[in-house]
Structure formats: structure tokens, C-alpha cells
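Structure record follows, encoded as C-alpha cells.
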Amino acid sequence: AYNTTKNDDTHVGIATSSNFNFGTGDFTIEMFIFLEKQKNFNNVYDQRTSTQDATTASPIIYIDSNNYINYYVAGAGRNFSSALSLGVWYHVAVTRASGSTKLFLDGTQQGSAFSDGLTYVQPASEFSFGGSKEQSNYNFSGHISNLRVVKGTAVYTSNFTKPTSELTAISGTSLLTCQGSTPFVDNSGNSVTLTPNGDPQESAFGPFTGSEA
């Protein structure tokens, strides 16, 4: 079964490490999401910490009040998607390859690439998915499955067929979570500590056809 994290006004903390210090290199952040509630901000993934504000060179993926997915870093929105529907699984990926950062929705690039010369910083302390350590009222309402962060590689550089099975720990994987019967553990091999905050729930519900979830 591909169990997921259901985050309704909660979030999951991620222990910081140099594996999340992307510097000027390539990276990938991807996951499946299922949005249940429309609100001003649904933060999906946020590398800011309680002491780092929106001007920090830290990647943020969030859904705005119009249900657009936004990629935000260093004080500005860089890419955004077409509007999402409630109650639908989507695959979302942000990748940087040789200074070009793209947002993909279900394998299709959204808008133009961002010419990205930023030096991304390591989170100063615990950061989060399913919400924000910097903004406590920006928590995600829905399900997250197969969250994977890869340092040093843009897994996708052009349009692709979205994954149809559980993601795996490829070379450079910093974090792999929201999988299987124990979704609040890291399957990357790095033993990253994950700390549920509030009341995130395991859920036998996921994006893959023909599975229990």
C-alpha cells in the first residue's frame, strides 16, 4: 500500500542537514498532492525555518487562493501552474538544471523557466512539509504522497510521463517519505528525522491506479 500523509492544519518537521544545501547546483523536489480545501495559502514544502523569512534563498512550493501552484524563493514568485481542482491527485516537480528552474505539473512544464543564479542555503534548523515553520497558518489541507528531494540532479528537464509507481531512492536522494505503511519515516537511506506536529494522519489512499494506495 502507498499510504500518504494527510495534513489538515498540521505539518511534519524535517531535520536539517547539508543534504538540503543546494548551493548553486542542480536539484529536484517532487511529490504527489491531493488538495481538499481552498484557502489563502496551502504550503506543500517549505525549506524556511522559524528564523528564516521569505527573502531567504530557500525553496517554497505552495498553493495560492486561486489554487495555482507557486514556486517561491528569495522574496519572489518564480513559476506558477494552471489552477488545480479539488479532490484530484497531481504530480508536482520543481527542478533546477544548469541555472534553469522549471515547474512541472503532471509532467508538463508550467510557464517559462526561471533563470536561477541563486545560491540556495541550508535550512538553519528544522523545516517542514505540509506546512510552514515560518508561517504557522499556512498548513496544507489534503494528502501528500511520495515526497522526494534530490540534490545534485534535475530528474526532469523537459516534459515527461508522470510516475505511475512508488518513487525510489535514486543517487543523490536527500529525502524520500510519505510511502508505505509508515509514511512518517525517511526511505532515502539518510535516516532523516521527521517530526509530526499537530495531528497528521496515516491514510491508505494514494495516486497509483491498481494499488491499495
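Loop-located chymotrypsin sites (Phe, Trp or Tyr not before Pro) in region 111-156 (DSSP state not H, G, I, E or B) with no more than 13 neighbouring Cβ atoms inside 10 Å do not occur. Computed over every Cα-Cα pair of region 119-188 and binned at 5 Å starting from 0, the pair-distance distribution P(r) comes out as 3, 12, 19, 23, 23, 14, 6, 0 percent. For Asp26, the shell of other residues with beta-carbons less than 11 Å away shows a net charge of +1, using +1 for Lys and Arg and -1 for Asp and Glu. Label positions at Glu36 and Asn67, each projected 7 Å from the Cα along the C-beta direction, are separated by 1.6 nm. Over region 87-213, accessible surface divided per residue gives 41 Å², non-protein components excluded, 1.4 Å probe. Annotation: lysines with alpha-carbon distance below 19 angstrom to Lys151 (same-chain offsets under eight excluded): Lys102. For region 61-70, the Karplus equation 6.51 cos²θ - 1.76 cosθ + 1.60, evaluated at θ = phi - 60°, returns couplings of 10, 9, 10, 8, 5, 9, 6, 8, 7, 10 Hz by residue, with Gly and Pro reported as x. For region 13-83, the solvent-accessible area of protein heavy atoms averages 34 Å² per residue (probe radius 1.4 Å; ligands and nucleic acids excluded). Stokes-Einstein diffusion for the chain at 25 °C, viscosity 0.890 mPa s, with a Kirkwood radius from C-alpha pairs, works out to 148 µm²/s. For Lys162, a cut-off of 16 angstrom between C-alpha atoms picks up these aspartates and glutamates, skipping any fewer than 8 places away in its own chain: Glu30, Asp106.
The 3J(HN,Hα) values that the Karplus relation (6.51, -1.76, 1.60; θ = phi - 60°) gives for region 123-134 are, in residue order, x, 5, 7, 4, 10, 7, 10, x, x, 10, 6, 7 Hz. Gly and Pro appear as x.
With 0.36 nm allotted per residue and the present C-alpha distance subtracted, the Ile170-Thr119 stretch has 16.0 nm of extension available. Per-atom-type breakdown for the chain gives carbon and sulfur 44% of the accessible area (1.4 Å probe, protein chains only).
The values are calculated or read from the model by the stated rules, or taken from the named source; none is laboratory data. Since we're looking at a predicted model, the values are computed, not measured. Methodologically, a virtual Cβ is constructed for each residue, glycine included, from the backbone with ideal geometry; neighbour enumeration extends over all protein chains shown. Just the protein is used for accessible areas: all its heavy atoms, side chains included, with ligands, DNA and RNA removed. Shrake-Rupley method; radii C 1.70, N 1.55, O 1.52, S 1.80 Å.
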